[in-house]
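This report refers to the structure that appears directly beneath it.
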Amino acid sequence: LAMATSNSRVTASSLTSSPVATTAQPGFLTSWLSRIPLPKWALIAVAVAVAVLLLLFLICIIKCCCCKKKPKKKERVSLHAVSSSSTACLVQPEMEDLERGAEQTWRGKLQYSLEYNFRAQELKVGVKQAAELKAMDSGGTSDPYVIIYLTSDTKKKYETKVYHKTLNPVFNESFTFQIPQVEVPESTLVMQIYDFNRFTKHNIIGEVRLPLASVSLQHVIEQWSDLVAASKVEEEQLGEICFSLRYVPSTGKLTVLILEAKKLKRMDSHGLSDPFVKVHLVLNRKKWKKKKTSVKKNTLSPYFNEVFVFEVPFNQIQNVDVVISVWDHDKVTKNEPIGKLFLGCRATGNQLRHWSDMLSNPRRPLAQWHSLQPPDVVDKALGLKSHLKLSL
């Protein structure tokens, strides 16, 4: 009985001791929390606040890191904005700047009339008046007069009377140009207003350029046009010529076929010319052979269709220059050259291309149009004197 009672005590003690061991940790936390003189809801609030603070702290750290990397992008954007704004200011000026520029470039306006007589082949130009001209003199006025000409014949120019100390002159003068109907669309009427100076060079105020192809001459035209800055003096048009070249290396025959010419320079007083063509061969910069076409009377667009054959050995073809020149025939005075050009290995541009095509396509005639050049320019390029006198 004593043994049984002792065993029951041991079992009871073990049963009571095991729960104490399992609840030792919660008892520690509860005992630690019980020491804080705050209710449970306050502790929960404090925990939430601490969590929020930690979250905010992490967000601030992330923001700071991002802000350190973004300034370059911001600088780039700001620089781009500055450059684009400055460019916009240059490309799109203020209205005040436009008005100032307009005032500086304003030169005035001109009233004129045009009338073409199809039967007589005449163009009548009436210079009526000018208004609001740019002041060229120190006194705030000008001494204007007008020069009129056609680009198809720059040597024939007319001019009005000079009107002193005025910016609104009334001219009321008319001038007549002889121009064939075929050449009207290819011509431009130029009216330039100058300021007269007695002791110095006359200054140009402005000009009006009117391509005749852009207007209808079926009826009389009268209109105003604003003056613009004078353009550079156009090069004198001497005309164009069409011819073909053919070379046969086996026989050494060089064939030059002169076909036609057009838009030739006017050489006679009546506005026409009596053209003919000379074909020269120059060998090693020395005069060699020459042939010429017949004379075509009173025309600026002659048709020749004349062929010339020269014997040029294949070993000499690289040293030969072919000079094509157009002349105006005159029975009384000396014949005058209208224009020239030359082909060969020393040539340039279209002339060199035409010559190269001929050599690369033997036995095949190749035709091409060429623009005439001033005779002295061609002679200088060839190394010849200004007046060629080549023997047959």
Amide H to amide H, which residues 5 or more places from Gly339 or on other chains are under 5 Å from it, using H placed in the peptide plane? Val326
Return the tail of the calculated pair distribution for the stretch 209-330, meaning the percent of Cα-Cα pairs more than 20 Å apart. 60
According to a simple spin-label model (label point 7 Å from Cα along Cα-to-Cβ), what is the distance in nm between Ala230 and Ser250? 6.2
Taking a quarter of the surface of the convex hull around the Cα atoms of the stretch 106-196, what do you get in nm²? 6.0
Sequence-distant or interchain residues sharing an amide H contact under 5 Å with Phe171, placed H: which? Gln129, Ala130
Once fully extended, how much extra length lies between Gln218 and Trp106, figured as 0.36 nm per residue of separation less the alpha-carbon to alpha-carbon distance? 37.1 nm
Largest to smallest accessible area among His164, His370 [probe 1.4 Å]: His164, His370
Treating every alpha carbon of the stretch 138-238 as one equal point scatterer without solvent, the Debye formula yields log10 I(q)/I(0) values at q = 0.15, 0.16, 0.22 Å⁻¹ of -0.69, -0.78, -1.34
Could you compute the FRET efficiency for Ala367 and His202, with r as their C-beta to C-beta distance and R0 at 45 Å, rounded to 0.05? 0.45
Checked against a 23 Å limit on the C-alpha separation, the offending pairs among Lys286/Lys340; Lys156/Lys290; Lys263/Lys289 are Lys156/Lys290; Lys263/Lys289
I want to check the label-to-label distance for Asn172 and Ala42. Put each point 7 Å from Cα in the C-beta direction and report it in nm to one decimal. 11.4
Leu283 versus Val162: modelled label distance in nm, points set 7 Å from Cα along the beta carbon direction: 6.0
In nm, what is the difference between 0.36 nm times the number of residues separating Lys380 and Leu56 and their Cα-Cα distance? 107.7 nm
Keeping all protein chains in position, work out how much accessible area Asp330 exposes to a 1.4 Å probe, and write it in Å² to the nearest 10. 60
Can you tell me which lysines have their Cα less than 20 Å from the Cα of Lys63? Leave out same-chain residues fewer than eight positions away. Lys72, Lys73, Lys74
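The values are calculated or read from the model by the stated rules, or taken from the named source; none is laboratory data. These numbers come from a predicted model, not from an experiment. Cβ sites come from the backbone with ideal geometry, for glycine too, and all protein chains shown count toward neighbours. These accessible areas exclude ligands, DNA and RNA; they are computed on the full protein's heavy atoms, side chains included. Shrake-Rupley method; radii C 1.70, N 1.55, O 1.52, S 1.80 Å.
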